[in-house]
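Report on the following structure.
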């Protein structure tokens, strides 16, 4: 589904990614972690075609990424700025469907279906500024899902939310992944979160030599629970392994 070969990126003389190679099979939920400044968001924006590839190649379904690929959606951390405050929740979600040439009634029906799925059917006529932060992020997720993406990129989407809302959205993400089989690349700074939601965790080392320091398969039950799963010995073991890698690289 997604292949990165020898990707390097710099901002002027400051190198943030160096020789990153990665293959993501179709249907996998890959979590990317690492210390601040290691290039996690840069990597995601490069995959999305929002930053041009400086060195190396990226392909999605075998096609080189030279711009924003079709059938791709991105959810950013700053959900408030990504929603249009003058549009209703329903119209924000339906907005990407305009590119598909659907009639207004079709767009609104599709938006209503996705809003019901994320638990916001009662808020369709409200505006983003009338919603809590967690509800706004649900709107952003719904807008990404309405186009039925084959590749979903998420850049620390739950980082600014309270703990309960964060857990609710983690479980929503897992439900979407299980139900739709969407390939997901999920950037997070939270090690516990990466192990809880991921099929696989990749840890990046710090800049200026940011590369892959750890590539770990997560062998946990597909059905996960916020309390029971986090108490499993295997979860504790995986969390410790990722934590040691990130901390050691951060302090070196």
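Mean separation of Cα pairs under 8 Å and 6 or more residues apart, divided by the residue count, gives the chain a relative contact order of 27 percent. Considering only beta bridges that DSSP places wholly inside the chain, some 55 percent are antiparallel.
For the stretch 55-83 versus the stretch 107-131, the inter-centroid distance based on Cα atoms is 24 Å. Histogrammed with a bin width of 10 Å, the alpha carbon distances of the stretch 162-242 distribute as 16, 50, 29, 5 percent, first bin at zero.
How far, in nm, would the chain grow between residue 36 and residue 121 when pulled straight, counting 0.36 nm per residue and subtracting the alpha carbon separation? Stretched out fully, the residue 36 to residue 121 stretch lengthens by 26.9 nm. The simple spin-label model puts a point 7 Å past each Cα toward its Cβ; for residue 71 and residue 23 those points are separated by 1.9 nm. Segment residue 99..residue 215, full-extension length gain: 38.1 nm, with 0.36 nm per residue of separation and the alpha-carbon distance subtracted.
Descending by average beta-carbon neighbour count within 10 Å, the peptides 218-228, 125-135, 39-49 line up as 39-49, 125-135, 218-228, the highest first. Simple spin-label estimate for residue 234 and residue 163 gives 2.6 nm between the two label positions (7 Å along the Cα-to-Cβ direction from each Cα). Rounding to the nearest 10 and keeping the result within 0 to 90°, find how far the Cα-based axis of helix 233-251 lies from the longest principal axis of the chain. On a 0 to 90 degree scale, this one is about 70. What angle, in degrees between 0 and 90 and rounded to the nearest 10, separates the Cα long axis of helix 104-117 from the longest principal axis of the Cα atoms of the chain? Between helix and principal axis, roughly 60 degrees. Compared with the dominant Cα axis of the chain, that is its longest principal axis, helix 163-180 is turned about 80°.
Computed over the stretch 83-148, the percent of Cα pairs more than 17 Å apart is 28.
The modelled label-to-label distance for the pair residue 13/residue 247, using points 7 Å beyond Cα in the direction of Cβ, is 3.5 nm. A full extension of the chain between residue 178 and residue 109 corresponds to an added length of 22.5 nm, given 0.36 nm per residue minus the alpha carbon distance.
Read the figures in this text as sums done on the coordinates, not as results from a lab. All values derive from a computational prediction rather than experimental measurement. No Cβ is skipped: glycine too gets one built from the backbone with ideal geometry, and neighbour counts run over all protein chains shown.
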